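Trainee: Structure below; questions to follow.
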């Protein structure tokens, strides 16, 4: 237990350092963006005096290090800043788009875990047979298709040709649960590549575990095969799979935005596109920091779970 506490403490320190690095990097990258928010807000033919007044009102004339210090201090108190274009708190923009994005990501993960683990275990159990070859071939083929191309293909077949599902969320409002048909195609696109990765990883881990000496010894002692696979082989195979799942959730943060754009879902992807188009730097910064912190926390949790499942295979700092 003391080893686990020491491992968690090291990971917490590393996570804190990573979050600080994320904040600094986000600020530096947004400072390096071309263009000027004051010019964008001043209109197509901005008057220099108006541009200067806007810059002063936005405090864009202050040194970058002062604005960084104020922004970081606000982040420590949960203040993500204020939109340059509307004057609304950035947290309000996040709240507007958080629901649809969280719903898509949650549905994807809920379906991904049992399906990915189940298919991986099934392929490993019948290694080299028809079932294994079929699962491996399909996952390899699906993984090779980019998300955007897969989305266009699904819309063309199931929405435009067959008319079974709506092609976009336009006209259905932000309450997607009231129109579940809208969710089918976006979730299928989000599931495709992560499931392929998870299936192949679980399959490889199960094959290694089933060929290990401790599994052979358990079988020689008369332990039923199903019990050996469930209690001995599967935890060993899931250690790397948990970390892959964390990386998958990281990917979902970006993948959901692409899917939201393709299917016109009113989530964080729409918020980000609007903020980039309007050169609303605080909103872009707020989204980037939130995604960065979520990524660090997810990977921290995955490392701890993987270390607990298979301590010898855990990440050693």
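Trainee: Take residue 190 and decide whether it is part of a helix (DSSP H, G or I), surrounded by 15 or more Cβ atoms within 10 Å (Cβ to Cβ) and in contact (Cβ under 8 Å) with a residue 12 or more places away in the chain.
Mentor: When the stated conditions are applied, residue 190 passes them.
Here's the yes/no breakdown for (1) farther than 16 Å from residue 280 by Cα; (2) at pLDDT below 65:
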{"position": "21", "(1), (2)": "yes, no"}
{"position": "28", "(1), (2)": "no, no"}
{"position": "38", "(1), (2)": "no, yes"}
{"position": "70", "(1), (2)": "yes, no"}
{"position": "73", "(1), (2)": "yes, no"}
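Trainee: Give the residues of the range 60-101 that are touching a residue at least 60 places away in the same chain (Cβ under 8 Å) and closer than 16 Å to residue 266 by Cβ, sorted by residue number.
Mentor: Passing the criteria: 93, 94, 96, 97, 98, 99, 100, 101.
Trainee: What's the number of the condition residue 135 fails, among (1) modelled with pLDDT under 85; (2) in contact with a helix residue (DSSP H, G or I) (Cβ under 7 Å, 6 or more places away or on another chain); (3) outside any loop (DSSP other than H, G, I, E, B); (4) closer than 30 Å to residue 201 by Cα?
Mentor: The number of the failed condition is (1).
Trainee: Okay, next question. In the range 76-105, how many are touching a strand residue (DSSP E or B) at 6+ places or on another chain (Cβ under 9 Å) and farther than 25 Å from residue 20 by Cα?
Mentor: 1
Trainee: Tally up the residues in the range 115-134 that are surrounded by 16 or more Cβ atoms within 10 Å (Cβ to Cβ) and closer than 28 Å to residue 263 by Cβ, please.
Mentor: 3
The values are calculated or read from the model by the stated rules, or taken from the named source; none is laboratory data. Not measured: the values here are computed from a predicted model. All Cβ positions, even for glycine, are placed from backbone atoms using ideal geometry, and neighbour counts span all protein chains on display.
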